[in-house]
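Read-outs: derived from the displayed coordinates by stated rules, not from any lab. A quick note: this is a predicted structure, and the numbers were derived from the prediction, not measured. In this analysis, Cβ positions are derived from the backbone assuming ideal geometry, glycine residues included, and neighbour counts consider all displayed protein chains.
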Amino acid sequence: MTAPHPHGASRAKPSAERAARRLRTLARKWGYLVSTTAYLPYTPDEIEQELSILVGWLFEAVASDPQGVEEAAAAGGRLVELRCVGPESLRRSMEVLGKGLLREPELRGVAKLAERVVLVLGALSSGYSEALREDIQKRQEGLSRALLKVEQETRRKQVLTRAQFEEVFAGSATGVAITDLDGRVLRVNAALAKTLNRTPAELAARTLFEFVHPDDVDVLREGYADLLSGRLHRLRAGRRLVGRDGEPMWATFVAAVVRDAIGEAQQLITLVDDDTEVALLQRRLSHQALHDVLTGLPNRQFFGTRLENALREADQARGVTLFHLDLDGFSLITGGLGQDLGDKLLRGVAAKLKLVFEDENALIARLGGDEFGVVVQNGEDTPDVGSLVRRINHELAEPEYVDGTHGVALSASIGVVHRPPRDTAPAELLRASDLTLRRAQRAGNQWGLFDRELDRRDRHEFGLAASMAGAWENGDVEIVYRVLVDLAAEDEPAAIEARLRWTHPAEGELSHETCVRLAGETGLALPLGTWLLRTAAEHLTAAGIEVPLVVELGPHQAADPDLVGEVRAVLADTGLPPQRLRPGFPATTLLAETGDAVDNLKVLAEIGIPAEIHDFGAAGDVTFLADLPIRTVRIASSVVSRRSHPLVERSLASLIEVAHLAGAKVAVAGVETREQSAWWREHGADYASGPAFADLPDGLPSC
């Protein structure tokens with residue numbers, strides 16, 4: 001950054017090194033004073049170096065003959081180049097240089113020193129001023145060019161922005177209105193005119209509020225007032241427009257304030273989207289989401305919502321009544337006559353239910369499949385529950401000729417919850433009605449009324465069934481054994497029976513019968529039954545026990561088409577001989593119409609596996625003994641428990657005699673004492689099990 005000498009070559013230095021040091025001291029002082037008057041983008045050493053050169057030029061200008069004013073003027077220009085252009089920079093420079101040059105010992109011999117110093121400083125000032133003027137002029141020219149460029153760019157952008165706005169305004173499918181602050185229309189595009197079924201000229205000079213539905217005008221005005229006051233930055237609201245034909249149209253308004261450069265509101269711009277078709281579609285979709293497509297009735301979701309309202313709005317003294325219907329044998333109808341006919345029947349059921357409850361404040365819904373729900377807000381003239389149930393089934397019993405040839409009549413099982421508490425949750429109420437319906441179906445009744453105690457019992461039972469799978473996985477469900485003794489052979493073990501036991505943390509030990517019943521409720525019957533069969537076979541084989549293994553089959557397992565395959569696999573994997581396995585078939589499964597259990601029993605007999613019949617005598621039919629290869633029958637526990645009754649005792653004698661005539665042995669379970677054992681021996685029983693015979697082979701847990 002060091003400047004060259006203005007003449008291109010250096011002149012003679014002061015003769016003495018001492019003079020050079022004084023000049024550097026002067027330059028340092030000059031640099032310090034100048035740096036306090038302007039910002040200099042250099043370090044102090046760089047400033048001192050530059051100013052030392054300029055001091056040398058000035059020293060030579062004073063000392064030279066003729067006097068070198070050109071060096072002084074060049075030094076002034078160099079000060080401007082170094083940006084020493086603060087308001088006080090030149091004055092401070094003149095002061096420090098004037099004093100310094102006049103006091104310089106090497107210049108004391110120069111004639112007319114003061115005049116020379118004044119001339120040199122004048123030349124310095126002149127060079128400084130000229131250079132500063134040129135610099136300012138150059139900067140102004142650059143600024144003018146920049147301002148001109150900015151102005152041109154701004155105009156170009158304004159033209160482009162205006163063109164873009166016009167294109168969007170004219171071509172937008174969304175309606176656009178520019179209004180004054182009172183809502184008077186200044187401009188509208190073709191889309192808004194089309195939405196309102198008017199021409200842009202017809203809309204000009206009218207207020208936008210004239211085309212808004214009267215019920216929505218005040219709310220829209222309040223929104224615009226909030227915009228103008230600054231409480232809202234942008235207004236977005238759904239409102240109704242009114243077209244030329246007077247029909248309301250749903251639209252979405254999006255409005256904002258157009259302000260000038262100082263922030264004053266000048267206009268309002270409003271975008272208007274015609275949502276009429278969207279609103280219709282939304283209502284249609286909402287209806288479809290809350291109504292059954294086939295019957296047009298409310299669906300379960302809508303019904304649950306309305307249940308809550310019905311409970312809250314009903315008369316406190318009379319309350320509501322909930323009817324939960326399940327069509328009887330409907331799957332047989334669809335299976336035999338087809339799904340299309342079934343759909344027609346469901347539509348007919350919906351119409352008949354509307355007829356039954358047309359005089360009541362009632363809501364009818366299709367809850368799913370062939371289930372319907374009706375909630376009635378009871379009034380003074382509402383019939384009693386029994387009358388309404390009879391009306392329902394009377395209407396359903398009227399044959400409906402859905403295809404011109406088949407007259408199909410229906411009936412329904414009905415669960416009724418009458419006057420539930422007002423604070424009952426809808427989901428809880430529906431669950432109660434469903435449990436009541438299922439309880440009526442299990443009992444073979446046409447309808448049932450909600451009973452709190454029975455409901456509590458059923459829920460408890462279902463809760464146990466739901467938790468059984470987890471208990472089995474955790475090892476709480478285990479296999480125990482009981483011995484079956486031969487009553488004619490001094491109570492010698494004749495077989496070992498495997499049974500289930502569930503040790504529940506709250507309920508205690510749950511019996512085999514309870515486990516089988518609960519497993520049948522949740523689809524656990526087949527895997528649990530297979531596990532019982534396989535594990536028991538493994539235990540007996542490992543323990544080296546030679547007596548037969550008795551395994552009582554549940555109803556689902558006895559009729560399972562894969563039962564024979566499962567038994568074959570167990571025998572093959574465990575090595576248990578076929579003649580030592582005695583599966584027990586419930587008598588009721590052998591009487592079923594499908595005959596799957598009978599087929600399984602016959603096939604097992606063919607491969608050398610002797611089967612038993614359990615619950616013998618409870619089904620009311622013993623004729624199948626003549627047709628099935630039965631080796632043993634077990635008297636039903638319901639008969640055993642009442643053996644001392646004279647009529648039951650005579651029936652027992654007949655059962656035992658029939659079994660013996662068929663070539664089968666007779667077994668009884670639940671024998672608790674030796675006296676009972678003797679009683680059964682006297683009455684012809686062959687085998688017995690129960691607490692009276694507790695001894696088991698080592699290694700097997702007892703019941």
For segment 471-688, radius of gyration divided by Kirkwood radius, i.e. Rg to Rh on alpha-carbons: 0.95
Would you list, by chain and number, the lysines whose Cα falls below 19 Å from the Cα of Lys29, excluding same-chain residues fewer than 8 positions away? Lys99
According to the Kirkwood expression over distinct Cα-Cα pairs, how big is the hydrodynamic radius of segment 544-641, in Å? 13.7
For the chain, what does -39500 (n - 2.57) per DSSP helix run (n ≥ 4), summed and divided by total residues, give at 222 nm, in deg cm²/dmol to the nearest 500? -16000 deg cm²/dmol
Karplus couplings for segment 360-376 from phi (6.51 cos²θ - 1.76 cosθ + 1.60, θ = phi - 60°), rounded to Hz, Gly and Pro as x? 10, 7, 9, 10, 10, 9, 9, 7, x, x, 10, 10, 10, x, 9, 10, 10
Mind sorting Leu208, Leu628 by how few other Cβ atoms lie within 10 Å of their own Cβ, fewest first? Leu628, Leu208
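Give me the net charge of Ala205's neighbourhood, meaning all other residues with Cβ under 15 Å from the Cβ of Ala205; Lys, Arg count +1, Asp, Glu -1.
0
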I need two numbers for segment 106-169: Rg to one decimal and Dmax as a whole number, Cα atoms only, in Å. 27.0, 88
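If you wrap a convex hull around the C-alpha atoms of the chain and split its volume per residue, what is the figure in Å³?
Hull volume over Cα atoms, normalised by residue count, gives 411 Å³.
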Once phi is turned into θ = phi - 60°, what whole-Hz ³J(HN,Hα) does the Karplus curve with 6.51, -1.76 and 1.60 give for every residue of segment 292-302, x standing for Gly and Pro? 6, 5, 5, 9, x, 7, x, 8, 4, 4, 5
What are the semi-axes of the equivalent ellipsoid of segment 291-450, taken as the square roots of 5 times the eigenvalues of the Cα gyration tensor, listed largest first and rounded to whole Å? 26, 15, 15
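Figure the gain on full extension for Arg91 and Ala489 (residue separation times 0.36 nm, minus the Cα-Cα span) and round it to one decimal in nm.
129.1 nm
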Spelling it out for Asn189: with amide H atoms placed in the peptide plane at 1.01 Å from N, the residues 5 or more places away or on another chain with amide H under 5 Å from its amide H are Val176
Determine, for Leu107, Leu327, the number of other Cβ atoms within 10 Å of each Cβ, and report the residues in order from fewest to most. Leu107, Leu327
Excluding same-chain residues fewer than 8 positions from Lys354, which lysines have a Cα within less than 20 Å of its Cα? Lys344
Take Gln267 and Thr541, extend 7 Å from each Cα along the Cα→Cβ direction, and tell me the distance between the two endpoints in nm. 9.4
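How long is the gain from Gln49 to Ala237 if the chain were fully straight, where each residue apart is worth 0.36 nm and the alpha carbon distance is subtracted?
60.4 nm
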Taking a spot 7 Å from the Cα of Arg419 along the direction of its beta carbon, which residues of segment 313-332 have an amide N less than 19 Å from it? 313-324
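Tell me the net charge near Arg162. Cut-off is 12 Å between Cβ atoms, Arg162 excluded, with +1 for each Lys or Arg and -1 for each Asp or Glu.
So the environment of Arg162 carries a net charge of +1.
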Checking the cross-link filter: which lysines have an alpha carbon closer than 26 Å to that of Lys138, excluding same-chain neighbours under 8 positions apart? Lys149
Full extension from Ala38 to Glu428: what is 0.36 nm times the residue separation minus their Cα-Cα distance, to one decimal in nm? 131.8 nm
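Among Thr436, Thr174, Thr199, what is the fewest-to-most ranking by other Cβ atoms within 10 Å?
Least crowded to most crowded, the residues run Thr199, Thr174, Thr436.
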Which percent of Cα-Cα pairs in segment 172-280 sits in each 10 Å bin, short to long? 15, 51, 29, 5, 0
Can you pull the percent of Cα pairs in segment 40-170 with separation above 24 Å? 47
